[in-house]
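Structure first, then comments.
The values are calculated or read from the model by the stated rules, or taken from the named source; none is laboratory data. Predicted, not measured: the structure shown is a model, and the values here were computed from it. All Cβ positions, glycine included, derive from the backbone under ideal geometry; neighbour counts span all protein chains shown. In case anyone asks, the SASA skips ligands and DNA or RNA and just uses the protein heavy atoms, side chains included. Shrake-Rupley method; radii C 1.70, N 1.55, O 1.52, S 1.80 Å.
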Amino acid sequence: MIKSIKPVLVICICIILFKINVTAQDQQLLSVRSLSQKHPDSALIILKKLHVQAVNKNDNISEGLCLQQMGQICYNQGHYAQALDFYLHADKIFSATKNKDLSAANMGQMGVLYYYNKQLDKSRMLYNKALSIYRQSGNLKGQAEIFGNIGHLYEKSQRYDSAFYYQHLALKNYTQINYKQGAAKIYENLGSIYEDLAKYDSAYTSFKHSLQLYQEDHNEIGSIEVINNLGDILRKSGKYKESLVQSHRALAIAGQTGNIYQLAACTKDIGKAYELMNRMDSAYYYAELSRKYSLEVYSKEGVNQTAFLQVLYDINKKSDEINRLNNIRKINRIIAVAVVVVAVLLIVLGMVIFSRQRLKIKDQHALAKQKEAQHELTRLELKNQQLEEDSLKQQLEIKSRELSTHTLNLIQNNQLLEHLRSTLQAMVKEDKRDQKKQMQHIILQINESFNHEQHWKEFTTAFEQVHQRFFDNLKNHSIELTSTDMRLIALLKINLDSADIATLLGISTDSLRVSRYRLRKKLNIPQGDNLTAFIQTL
């Protein structure tokens, strides 16, 4: 590939290669960076040789910088996958050397790559990481560059408020450190945003600021682009003559620098201006001239791409061969070491097996004793648990029997009282005046004893010991329940029939039926559902 380069360029490359040393490494990288703009294939060859030298000298910083520039060249040529590979290798090296600024710069370049590869989330993530590192190190220039990239990302997403915010942050930092080239680029970005929003006066002002800074920094390429943008803004504002002045000015500078890409852009804009002025002959002339320059650009780019791909192929082929030989050496070393290690291991293994066998037998005896003790402990725990369960069952049976006995006594007592009341009522109806008053007094005492509270307290205590938290659960269904309702529900819970319940409550079966109906309404039981069945589920 070197034979295809101009003789003067070949001599320059040879001089660079022969004079490589540690002190000149940074200067060489800068020279290669400028060379990569016109001859990326030659620059890639030189960078590969510099990379090999850096590896041999164990110069990690130079090695990482070479990989980073190789990634940048591949990115500029549109080979994103290869560029990302170089960037990732550089990132590992910079992380290992703990050089935060170089690592952040590399992350910023990877963020740009992901942006143009339509992976905006990854792009923003890398921008944020780089920005965090720059803030820790206090690198204002690095922060400004990342702010500008984030602003550009928001601009392309048409989130112009955020784009303005980040571009102004970048401009503030660049102004603070008096970095004119960076500030010029930000003004150019702001002009582009204003142009998207059709705010042509603001766009024109921003581009003018950018041009002034580029000229102070003697940046001809940047000046051409901004002058052409000024012509574009004037054309969109309807100022066609002023637009032509700026476009011709940009065309003249592009012709002096030999920038064919800018020549194509300038002639294209001039053709558009003439077309809007209805000067079709001039419009056609410059449109054809733009097409000619564009074809020349594509032709050169095609040649450069072919040369670049060949160099990239050769580099990858050599790298694969070097990796293969290194792998063979590593395998041979590993085999030699493995033989020695295996011999030593066999001896050690025999000793270990003998020792472990003795320990194993000893451990087995100890484990057997431990399992036996654990088994005995488990058996005792199960036995205690069973005894506790039996005790609880016995207590529950006793409480159930007490409840049944207490309920039966209540029923018998009330039945006896009911019988006495009926007999006395019959005697009263005989109308014997000498005993009527005394009989009425006895009936009153019997009525008072039907619902004696002490009997119900004892019944409630026994009931709650058997059916714990029953009344608490019941209150969750209704807060309108009276003490009489509670007694009726408790009697239904222990499955008494209606006659016994009426006797215990001292009411007739008809009154009991009415009480049951009212209770259903308070508990919101749907029609058709059984009241007793519902209470049993509580």
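Heavy-atom accessible area for His375, with the other protein chains in place and a 1.4 Å probe, reaches approximately 130 Å². Thr378 sits with roughly 60 Å² accessible to a 1.4 Å probe, with DNA, RNA and ligands left out of the calculation. Solvent-accessible surface of protein heavy atoms, probed at 1.4 angstrom with all chains present, puts Ile507, Ile489 in the order Ile507, Ile489, largest first. Which of the residue pairs Lys118/Lys172; Lys236/Lys268; Lys98/Lys141; Lys156/Lys199; Lys185/Lys268 have a Cα-Cα distance greater than 21 Å in the structure shown? Going by Cα-Cα distance, Lys118/Lys172; Lys185/Lys268 fall outside the 21 Å limit. Each residue was assigned an accessible area with a 1.4 Å probe, and for Phe534 the value is about 50 Å².
Would you mind classifying the range 151-196 by shape? Square roots of the alpha carbon gyration tensor eigenvalues, ordered a ≥ b ≥ c; an a/c under 1.5 is rounded, otherwise it is prolate if a/b is larger than b/c and oblate if not.
Values: a/c = 2.93, a/b = 1.87, b/c = 1.57.
Cα axes put the range 151-196 in the prolate bin.
How far is the Cα center of the range 220-281 from the Cα center of the range 326-374, in Å? About 81 Å separates the Cα centre of the range 220-281 from the one of the range 326-374.
With θ taken as phi - 60° and the Karplus curve 6.51 cos²θ - 1.76 cosθ + 1.60 applied, the whole-hertz 3J(HN,Hα) list for the range 526-534 is x, 5, x, 7, 7, 5, 5, 5, 5 Hz, x standing for glycine and proline.
So if the hydrodynamic radius of the range 55-176 is defined as the Kirkwood radius over C-alpha pairs, what does Stokes-Einstein give as its diffusion coefficient at 4 °C and 1.567 mPa s, in µm² per second?
88 µm²/s
The length gained on full extension between Asn524 and Ser355, counted as 0.36 nm times the residue separation minus their Cα-Cα distance, comes to 53.0 nm. Label-to-label distance for Thr532 and Asn60 is 8.8 nm, based on points extended 7 Å past Cα in the beta-carbon direction.
Tell me the volume per residue, in Å³, of the convex hull enclosing the alpha carbons of the range 135-232. Write out the running numbers ahead of the final one.
Working: hull volume 8.4 nm³, N = 98.
Cα-based convex hull of the range 135-232, divided per residue, equals 86 Å³.
Annotation for the range 463-522 versus the range 49-107: alpha-carbon center distance of 86 Å.
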